[in-house]
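The values are calculated or read from the model by the stated rules, or taken from the named source; none is laboratory data. For clarity, every value in this text was computed on a predicted model and none was experimentally measured. Note: ideal-geometry Cβ built from the backbone for every residue, glycine included; neighbour counts use all protein chains shown.
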Amino acid sequence: MATERDIVFISRNNKPVTYAMIEKIEPAEKKDMIKVTFVGLSLPPSRYTQILRPALLDGESFTIGGEPMVITPLNQMITPEAPARSIISKGQKEPDPPAEKQLGKVIQFKRPKEEITLDEPDE
């Protein structure tokens, strides 16, 4: 289950709605329910509270007003084993892999012989 300070992705009708941070999780008055306070990661940020079953913070589908909703923890969406995807426009070639690194030549910085001062503009 997602915990406080986790980032979650919220979707409605299988369409992205927003990302949010779970600010606080506390017991709700209803049995087997939790009160979750979210901070929407949008501009301007918004704060909202929902009474949910704990399983809903793990990506289980539910409905609000008849619309299907899903709250997915970001760490479930990104796996370390997944290869990074390259964003290439259509018709654009993928860049060649980098050649072996070559060490550059170090050039020593020399101080100017005379001190340089900037003239103040005339008023």
> Across segment 1-52, what is the total count of residues that are part of a loop (DSSP other than H, G, I, E, B) and touching a helix residue (DSSP H, G or I) at 6+ places or on another chain (Cβ under 9 Å)?
Replying inline: 6
>> Could you tell me how many of the residues in segment 66-95 are at pLDDT 90 or above, surrounded by fewer than 14 Cβ atoms within 10 Å (Cβ to Cβ) and closer than 23 Å to Ala2 by Cβ?
In response: 2
> Mind checking which residues of segment 29-46 are exposed (fewer than 12 other Cβ atoms within 10 Å of the Cβ) and basic (Lys, Arg)?
Replying inline: Lys30, Lys31
>> Suppose we keep only residues that are in contact (Cβ under 8 Å) with a residue 40 or more places away in the chain and surrounded by 12 or more Cβ atoms within 10 Å (Cβ to Cβ) within segment 2-16. Which one would you say is farthest from Phe38 (Cα to Cα)?
In response: Arg12
> Taking segment 25-77, which residues are over 16 Å from Ser11 (Cβ atoms), among the hydrophobic types (A, V, I, L, M, F, W, C) and touching a residue at least 12 places away in the same chain (Cβ under 8 Å)?
Replying inline: Ile25, Ala28, Met33, Ile34, Val36, Val39, Ile51, Ala55
